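Reviewing the structure listed below.
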Amino acid sequence: MQRVQADFVNYRRRMEEERTALQERANESLVLRLLPVLDDYERALQYVPDVEEFRPWTAGVELVYRNFRGILESFGVTQIQALGMSFDPMEHESVSYQLSDDHEDGMVMSVVREGYKLYGRVLRPAQVTVSRRNNKAGESPNT
């Protein structure tokens with residue numbers, strides 16, 4: 001009898017875990033489809049003209065953008081920190097490099113597209129530009 005009861009408890013636990021995993025996969029799929037919309041809002045807000053007659057419209061768009069981000073955050077979506085960080089291939093995707101004497105090799109110098117995590121897992125890596133030190137005369141690029 002105890003074995004049957006233990007099996008039932010294990011079955012309920014396993015079913016709850018499967019339900020949670022299914023819900024997480026569904027949320028992940030939805031968020032992946034919404035991220036391009038978030039990108040479009042961010043690009044649009046970068047190029048808003050500083051003209052008095054557009055300010056009410058701009059304020060409305062910014063409000064919608066903040067609400068949209070808030071909803072994503074309430075589902076557990078977090079932005080990957082990239083700018084100024086050391087390049088991490090698990091969270092960043094290098095799309096180019098930039099020669100620099102001011103930064104160590106492998107530092108993220110700019111973010112081309114933001115990356116996001118959901119439930120602690122990378123949903124979409126951040127696309128970044130990575131620093132590369134200028135080589136002095138006679139140095140090989142691999143040193």
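The values are calculated or read from the model by the stated rules, or taken from the named source; none is laboratory data. Please read these numbers as outputs of a predicted model, since none were measured by experiment. Cβ placement follows ideal geometry from the backbone for every residue including glycine, while neighbour counts extend to all protein chains displayed.
Whether any residue in segment 87-100 is at positive phi, modelled with pLDDT of 85 or more and out of contact with any Ser or Thr (no Cβ under 8 Å at 6 or more places or on another chain) is what I want to check. No - not one qualifying residue is present in segment 87-100. Reported count of residues in segment 27-56, each being surrounded by 10 or more Cβ atoms within 10 Å (Cβ to Cβ) and at pLDDT below 85, is 3. The sole residue among 17, 53, 24, 62 that is farther than 23 Å from residue 127 by Cα, assigned to a helix (DSSP H, G or I) and in contact with a strand residue (DSSP E or B) (Cβ under 9 Å, 6 or more places away or on another chain) is 24.
Being under 30 Å from residue 75 (Cα atoms), of a type outside the set (Phe, Trp, Tyr) and either at pLDDT below 90 or over 14 Å from the mean Cα position of the chain (by Cα) (or both) is the filter here, so list the residues in segment 111-143 that pass it.
Here is the first cut: in segment 111-143, the ones under 30 Å from residue 75 (Cα atoms) are 111-129.
Add one more test, that the residue is of a type outside the set (Phe, Trp, Tyr), and what stays is 111-115, 117-118, 120-129.
120, 129, listed by residue number.
Of 24, 91, 62, all but one fail to be closer than 30 Å to residue 131 by Cα and in contact (Cβ under 8 Å) with a residue 12 or more places away in the chain; the exception is 91. Pairing each residue of segment 104-133 that is in contact (Cβ under 8 Å) with a residue 60 or more places away in the chain with any residue that is part of a loop (DSSP other than H, G, I, E, B), provided the two are 6+ apart or on different chains, yields C-beta distances under 7 Å for 116/80; 118/76; 119/76; 124/115. In this structure, does residue 65 turn out to be surrounded by 10 or more Cβ atoms within 10 Å (Cβ to Cβ), touching a helix residue (DSSP H, G or I) at 6+ places or on another chain (Cβ under 6 Å) and not charged (D, E, K, R)? When the stated conditions are applied, residue 65 passes them. Among the residues of segment 1-52, the one identified as over 30 Å from the mean Cα position of the chain (by Cα) and of a type in the set (Ser, Thr, Tyr) is 11. For segment 65-82, taking the residues that are part of a loop (DSSP other than H, G, I, E, B) and hydrophobic (A, V, I, L, M, F, W, C), the one that is modelled with the highest pLDDT is identified as 80.
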